[in-house]
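Reviewing the structure listed below.
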Amino acid sequence: MSKFIASATIRASHEMVTRAEELLNKTIAEKGEDLEFEFPDTAFQLPMINAMTGYQIKTLGQMKEGIRFAKELLTEEPLDESWKPYLGEALDAGMATLFAQEIWLALRYIAGLEPVKDDDLGITYNGFITDTIQRNLGIQLVDGTMPGFAAIIGPAPSDEIAEKIVKELQEKNILIFLSGANAEGNSVTKQLVRRGVQLGWDTRIVPLGPDTEHTLYALNWAIRAALIFGGLKAGNFKEILKYTKDRVFAFALGLGGLDELKWATGAGAINMGFPAICDTDVPVIHPTGVCTYEEVDKELDPDKIVQKAIEVRGLKITVEKPPIPVSYGPAFEGERIRKDDTFIEFGGQRTPAFEWVRMRELDEIEDNKVTIIGTDWEKRFEAGGKMPLGIVIDVAGRKMQKDFEAVIERKIHHNLNEAQGIWHMGQRDINWMRISNNAKKDGFTLKHMGDIQNAMFHNRFKSIVDKVQVTLYVDEEDVLKVQEDARAAYKERDMRLGNLTDDSVDTFYSCLLCQSFAPSHTCVITPERLGLCGAYNWLDGKAAYEIDPTGGNQPIPKGEVLDESKGRWSGVDEYILKSTGGAVETMNAYTIMDNPMTSCGCFEVICAILPEANGVMLVNRGFADMTPIGMKFSTLAGTVGGGLQTPGFMGIGRNFVTSKKFLYGDGGLRRIVWMTKALKEGLKDSFNAMAAKNGVPDLLDKIADETIATDSEKLVEFLTSVGHPALEMEPML
Ligand code: SF4
Ligand code: ZN
């Protein structure tokens, strides 16, 4: 690193530490050292300082210690000699900057100044990024849907270029964080607002805050991946930094020139393996030991800067786009289309509609054909409004199986939503679609709805789908008629799936996708237990294996039954021993008490034992309040993830709760004594059906939720008053 930059970095770092210390002293003078603080929804206090040092900052007084760490990093003698060779002098200053920024931002939270609200701009910045978001995004990160993150700092040369750069990142499915401004206060956030671009998690463009310091929110979020998924212990900084370098594919785009604080922040990011690509004539910094690629690089042509960044960071991008006149990619999936922006809509109780995938013989299909059946559709379509729509998708392939119809059909939703200006909700005969005015203006037609399906089914299901054809029915009479056939097919399908049980198959499937983040975790997916993220069931696993025999889903021959009630099989034990590199030797699928399945971190629901109630509680991701175990979801999640087996605790997919095999070895559904209201409502029908089968039809009413009890004393009181069956069962411990 050049001397000039090193001294600029050190200067800015000193300044940042002083600024944080002054604000800390002022805040302590006002509120006292004992004032407690935590960022919203995290189990890791001040995550950057926590991850690097292992020190937990919970009060203002403890923040003084954080300042001391930062200062020591800036002196000749670092905290521990082992920092020295790894970080180097300027990098120490970079990390010190991040520590000071974290404390400074925490203090601003206490003062009510974060997240920053900008009334002129009409937005509230995101501020601190919660653990929940990390978990929500978990699967997309590991299955390659989201190949990386970009932090854009500063403004692009013009509003148009800002939009162009962001769109290019979106099309490559890269998550975008925005922070920092130039000396005049201009920033990409402002440029995008001026261009009318939708910001937020739904579109994957997340403005963190207006200043350079806010970049820290992206960094202290990225560092948590190592703790949440990697199972690394806070304080093990070498491993943690190696983890972020090897597994968190982030980079920065430094636009509009770098000032000293930006250099210092960038130096911190380089510790984590995150390079910066700048659009100004900065000195290029070649690998100095942390990275094996350029740490700072430049690309003055805005048309090439995204590509350059991708090359420097080594991202693998695979984007296939159907032949349609609008942008396409998962980044457009969350976009909403309001009524006023709608050109035309289908279904949603407004018109009859359905979607149906059926297996056909190869010679029955004309590949890639789209047929529109109905009269006058063009006229009606030109007029806009609403119309009936039946989508029938015929697929054929040598390796196609009837059971894959449902797996393929579920993708219609993603196929359509990923087109910009097209929105889809629901499934089967309760679907609902909208096409926006803008998409229409760009030349999107009804036929494109079929073209998307043809292209994407070939793309997503390469080895099981050889031919696809789409028929779109637009006349009400036809739609109603074919809908009846579709309904009969759904029914038959459900019956067949219902008969699929763990006992009726001899092969389970593994999911190893999360190993890229949680190396010792393997999901064992059985017909009656879906993956803990909720995104993969047994049929998905089976189809995925057919599609890619060397991919992340592998068959597990069950082998001998070793324990019927706890769900243990010799084949499963052998498999996980190998797949976890020896970390997990044996596993029981149907109990929480004895070698339960491990958790990566992206579980939908945590199941945890409540010994005083002789049962378990269920809390879903996104529930932010206290639970009777005395921990919030985020704290609890911190103890469950990372590929560890923790008896009494496990992460599960939501729908596992109403499976016959849920806690089968521990007494089943009757063990549930507390669950969130959201879960109660969401699972009601299937829960009541399963409860009735178990001879406890009114069980749901006897289960407490947050409106009834949030501590164990009240909980037990309630359970006793309603005569909850768990109280009469064998002790769990
Ligand atoms: Fe990760 Fe399991 Fe979901 Fe696969 S099924 S993506 S391993 S959580
Ligand atoms: Zn996972």
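Straightening the chain between A689 and T507 buys 62.8 nm, computed as 0.36 nm per residue apart minus the Cα-Cα spacing. Name the shape class, rounded, prolate or oblate, that the alpha-carbon gyration tensor gives for region 227-320, where a ≥ b ≥ c are the square roots of its eigenvalues, rounded holds for a/c under 1.5, and otherwise prolate holds if a/b is larger than b/c and oblate otherwise. Verdict is oblate for region 227-320. Basic side chains Lys and Arg get +1 at the Cβ, acidic Asp and Glu get -1 at the Cβ, and with that the dipole of region 507-728 about its Cα centre reaches some 260 debye.
For the peptides 347-356, 612-621, the ranking by mean Cβ contacts within 10 Å, running from highest to lowest, is 612-621, 347-356. Taking every C-alpha pair closer than 8 Å and separated by at least 6 residues, the mean separation divided by the residue count of the chain gives a relative contact order of 10 percent.
Relative contact order of region 330-490, taken over Cα pairs closer than 8 Å and 6 or more residues apart, is 39 percent.
Heavy-atom accessible area, probed at 1.4 angstrom with all protein chains present, ranks H448, H214, H14 as H14, H448, H214, highest first. Add +1 for every Lys or Arg and -1 for every Asp or Glu among the other residues with Cβ under 13 Å from the Cβ of M587, and state the total. Within the 13 Å Cβ shell, the charges total 0. Once you order the gyration tensor axes a ≥ b ≥ c over the Cα atoms, which shape class does region 3-313 get: rounded for a/c under 1.5, otherwise prolate or oblate by comparing a/b with b/c? Here region 3-313 falls in the rounded category.
Note on S599: accessible area is roughly 0 Å² with a 1.4 Å probe, heavy atoms of protein only. Quick one: Debye curve from the alpha-carbon atoms of region 688-733 only, equal weights, vacuum; give me log10 I(q)/I(0) at q = 0.20, 0.23, 0.30 Å⁻¹ to two decimals. The Debye formula, applied to the Cα set alone, gives -0.72, -0.88, -1.09. Over the Cα atoms of the chain, the radius of gyration divided by the Kirkwood radius equals 0.98; this is the Rg/Rh ratio. With a 1.4 Å probe rolled over the protein heavy atoms of all chains, the accessible area of D211, D159 falls in the order D211, D159, largest first.
Report summary: the helix-based calculation at 222 nm, which adds -39500 (n - 2.57) for every DSSP H run with n ≥ 4 and divides by the residues of the chain, gives -12000 deg cm²/dmol. Each residue of region 277-282 was assigned a 3J(HN,Hα) from its phi angle through the Karplus curve 6.51 cos²θ - 1.76 cosθ + 1.60 (θ = phi - 60°); the sequence is 10, 10, 9, 10, 7, 8 Hz, with glycine and proline shown as x. Using +1 at the C-beta of Lys and Arg and -1 at the C-beta of Asp and Glu, which of I708, G531, L178 has the Cα lying farthest in the positive direction of the dipole of the chain? The residue sitting most towards the positive pole is G531. Computed from phi, the 3J(HN,Hα) profile of region 207-213 under the Karplus parametrisation 6.51, -1.76, 1.60 (θ = phi - 60°) reads x, 8, x, x, 10, 4, 4 Hz, with x in place of Gly and Pro. Counting 0.36 nm for each residue step from T124 to R350 and taking away their Cα separation leaves a gain of 77.9 nm. In order along region 133-141, the phi-based Karplus estimate (6.51 cos²θ - 1.76 cosθ + 1.60, θ = phi - 60°) of 3J(HN,Hα) comes to 5, 4, 6, 4, 7, x, 5, 4, 5 Hz; Gly and Pro are listed as x.
Here W538 sits with roughly 20 square angstrom of accessible surface, probe radius 1.4 Å.
Think of a 1.4 Å ball rolled over the protein heavy atoms: the chain then has 39 Å² of accessible area per residue. On a straight-distance basis, which aspartates and glutamates could pair with K190 in a cross-link, Cα separation under 14 angstrom, same-chain partners fewer than 8 positions away excluded? Once the sequence-local aspartates and glutamates are set aside, what remains near K190 is D118, D119, D120, D159, E160, E163, D211.
Is region 398-485 rounded, prolate or oblate when judged by the Cα gyration tensor, a ≥ b ≥ c being the square roots of its eigenvalues, rounded requiring a/c under 1.5 and prolate requiring a/b larger than b/c? Oblate shape, in that a/c is at least 1.5 and b/c is the bigger or equal ratio. By a 1.4 Å probe calculation restricted to protein chains, S7 has an accessible surface near 50 Å², given to the nearest 10.
The order of R313, R487, R194 by accessible area, most exposed first and with a 1.4 Å probe, is R194, R487, R313. Projecting each Cα onto the charge dipole of region 334-492 (Lys/Arg +1, Asp/Glu -1 at the beta carbon, about the Cα centre), which of Q420, I435, L480 comes out farthest on the positive side? Checked the options; the winner is Q420.
Sorting 402-415, 20-33 by average packing, meaning the other beta carbons within 10 Å per residue, from highest down gives 402-415, 20-33. Farthest toward the positive end of the dipole of region 1-46, out of G32, L46, V17, is the Cα of V17, where the dipole comes from beta carbon charges about the Cα centre. Under a model in which nothing but the beta-carbon of Lys, Arg (+1) and Asp, Glu (-1) is charged, the chain shows a dipole of about 600 debye around its Cα centre.
Between Q427 and K64, the modelled labels are 5.7 nm apart [label points 7 Å from Cα along Cα→Cβ]. Amide H contacts of L644: S599, each under 5 Å away and 5 or more positions distant or on a separate chain (H built 1.01 Å from N in the peptide plane; Pro and chain starts excluded).
The values are calculated or read from the model by the stated rules, or taken from the named source; none is laboratory data. Being a predicted model, the structure only gives us computed values, none of them experimental. Cβ coordinates were reconstructed from backbone atoms using ideal geometry, including for glycine residues, and neighbour counts include every protein chain displayed. Note: areas computed on protein heavy atoms with side chains; ligands, DNA, RNA excluded. Shrake-Rupley method; radii C 1.70, N 1.55, O 1.52, S 1.80 Å.
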